[in-house]
Amino acid sequence: MTERTSWAWTNWSGLETARPRRIVDPVDTTEVVAEVERARADGTTLKMVGTGHSFSAIAAPEHTMLRPVRRGIIEVDRAAMTVTAHAGTPLLELNAELERLGLSLHNMGDIDRQTLAGAVSTGTHGSGGHAAGLAAQLAGLELVTGTGEVLRASATHHPDVFDAARVGLGALGVLTTLTFRVEPLFVLEAHEEPMAWDTALGDFDRISAESHHVDMYWFPHTDRVLLKRNDRLDVDLDEAEPLPRWRATLDDDLLSNRFFGAVCVLGNAVPRAVPLINRVSSRALGARTYSDVPHRVFTTERRVVFREMEYAVPRAAGLSALREARAALEASGLRVGFPVEVRTAPADDIALSTASGRDSLYLAFHVHRDADHHAYFALMEQVMRAHDGRPHWGKVHTRTAADLAPAYPRFEEFLAVRDRLDPDRVFANPYLRRVLGD
Ligand SMILES: Cc1cc2nc3c(=O)[nH]c(=O)nc-3n(C[C@H](O)[C@H](O)[C@H](O)COP(=O)(O)OP(=O)(O)OC[C@H]3O[C@@H](n4cnc5c(N)ncnc54)[C@H](O)[C@@H]3O)c2cc1C
């Protein structure tokens, strides 16, 4: 175990900072247990952080900050098709290791820099499939509770803990290992095409039903949409047709990062030019089709730093919520350079998952890190609330325990598990006090 004092913690977007009193790098579960017992005895708090990719202050440590040290796969069970990994393993390392083993996760979000524990704890999700969220792909977990107990949970062993701790917000314990259901490695084909707003929204339900994963981006102040479809191909791995290196560099490095970064700076400096910039940007993107192993299709590199709020609304009301969001934005006079991202998720059975008990449509709103997000997010949050929206736990929002409880039928159930697992609130921080209560 190494220990330091006086070090500032900042999240990826730079929006949240904290100055924990102690920083500890525990090398095994015994050291995590010792830290929990110490915090409990001292009446202080403890927070295991991931890579700080949450936009909200969910990971902000108060007193002691634990950092993930152990990483990698611990066990592969090919009969059960499960893989157990250290909870602090970055997703990109798990993906690379799974690829070497000829295995893959079912689905994931659009980056791979997060830790597994951080990603599942906030309900990180992709789009479509039979499990959009990473937490819904879990078969088991191990955590150190607020009383220092080491608990293993699955659908058959402590199922109440399993239902709560898969999206546990870091409030129930320190996750030490996670067991994911995996699949034989497959080839995913990506097809991306620009479309008119009316066509894309008119066809969205049909396309979502026909394709395995659909991701849609609307460019504010325009009628243009980029629609991405990912479908499984029934071909061997060596038949995949990835983008040529020059095209991948041009699209992902130049257009998505460098050009987009420069465009954001221009839009920040001259907001009235944003509609024109968005029209040009949306037309600069051409159609493209390629195929590759899943993690290289699902994830991209994001080097333009931004701030994000994302809400899950009931699937059936989703496109109405999107249309209202557009109308509210256009009526507001605000200028927004970042596309609005639209994804779908099947219902899951996790107490505080944003898709808990209902099929969902996710609407994600972004601004460049140097732009002010307050007025835009407040306006969109109003529309999302009107549609019974649930905010992503790892993204910016202003909701509190009092108004989140009615949005989650299993909220009280989660709080009861919290009372049992962390009676002294060893894992509390200001964000958790706001969204869960004291
Ligand atoms: C560029 C970018 C793209 C993103 N794309 C997506 C996306 O496509 N889909 C999506 O849903 N989200 C997305 N996110 C959000 C991101 O996936 C989540 O915020 C995720 O939680 C970040 O993981 P992390 O390792 O950085 O965790 P952190 O932000 O460091 O921590 C998150 C929470 O996990 C807890 N935690 C961490 N480790 C442990 C542990 N071992 N035990 C218990 N609790 C723990 C922390 O205490 C905290 O409560 C994106 C974020 C960024 C910055």
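The values are calculated or read from the model by the stated rules, or taken from the named source; none is laboratory data. Keep in mind that what you see is a predicted model, and the values were worked out from it rather than measured. Note that each Cβ is placed from the backbone with ideal geometry, even for glycine, and that neighbours are counted across all protein chains shown. Heads up: the accessible areas ignore ligands, DNA and RNA and are worked out on the full protein's heavy atoms, side chains in. Shrake-Rupley method; radii C 1.70, N 1.55, O 1.52, S 1.80 Å.
Listing for the model above:
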| item | result |
| --- | --- |
| MRE, 222 nm, helices only [DSSP H, n ≥ 4, -39500 (n - 2.57), over the chain, to nearest 500] | -8500 deg cm²/dmol |
| The chain: most fluctuating residue of 231, 112, 403 per GNM, C-alpha cutoff 10 Å | 403 |
| Which of 121, 174, 162, positive extreme of dipole for the range 100-229 (C-beta unit charges) | 174 |
| Between helix 274-284 and the chain: long-axis angle, C-alpha atoms, 0 to 90°, nearest 10 | 80 degrees |
| Unit charges at the beta carbon, dipole of the range 191-316: most positive-side option, 267, 311, 202 | 267 |
| Backbone HN-Hα couplings from phi across the range 76-84 [Karplus 6.51/-1.76/1.60, Hz, Gly and Pro as x] | 10, 10, 6, 5, 7, 6, 10, 9, 9 |
| The range 1-71, relative contact order in percent, only Cα pairs under 8 angstrom and at least six apart counted | 38 percent |
| Solvent accessible area, Å² - residue 387, 1.4 Å probe, full protein context | 30 Å² |
| Cut-off under 5 Å, modelled amide H: who pairs with residue 398 long-range | none |
| The range 79-232 shape via C-alpha gyration tensor axes, a/c threshold 1.5 | prolate |
| Cα-Cα pairs of the range 379-436 separated by more than 16 Å (percent) | 48 percent |
| Per residue accessible area in Å² of the range 274-419, where ligands, DNA and RNA are left out and the probe is 1.4 Å | 37 Å² |
| Table column - 3J(HN,Hα) (Hz), the range 372-383, Karplus curve with 6.51, -1.76, 1.60, x for Gly and Pro | 7, 8, 4, 5, 5, 5, 4, 5, 5, 4, 4, 5 |
| Residue 419 accessible area, assembled protein chains, probe 1.4 Å, Å² | 80 Å² |
| Whole-angstrom gap from the range 377-395 to the range 348-369, using each part's C-alpha centre | 10 Å |
| Cut-off under 5 Å, modelled amide H: who pairs with residue 370 long-range | none |
| Prolate/oblate/rounded call for the range 262-308, Cα gyration tensor, a/c under 1.5 rounded | oblate |
| For residue 177, distant residues with modelled amide H under 5 Å away | 87, 142 |
| Set of the range 280-299 residues, backbone N closer than 14 Å to the point 7 Å along the Cα-Cβ line of residue 259 | 280-288 |
| Cα Rg over Rh - the chain, Kirkwood | 0.96 |
| Total charge dipole magnitude, the range 312-376, about the Cα centre, Cβ charges on Lys, Arg, Asp, Glu only, Debye to nearest 20 | 140 debye |
| The range 221-331 shape via C-alpha gyration tensor axes, a/c threshold 1.5 | oblate |
| Probe 1.4 Å, accessible area per residue of the range 1-127, Å² | 41 Å² |
| Max mean-square fluctuation residue, GNM over the chain, Cα-Cα springs under 10 Å, options 114, 382, 137 | 382 |
| Solvent-accessible area of residue 75 with every protein chain in place, 1.4 Å probe, in Å² to the nearest 10 | 100 Å² |
| Sulfur and carbon atoms: percent of accessible area, the chain [1.4 Å] | 52 percent |
| Karplus (6.51, -1.76, 1.60) ³J(HN,Hα), θ = phi - 60°, over the range 218-231, in Hz, Gly and Pro reported as x | 9, 8, x, 6, 9, 9, 9, 9, 10, 10, 10, 10, 10, 10 |
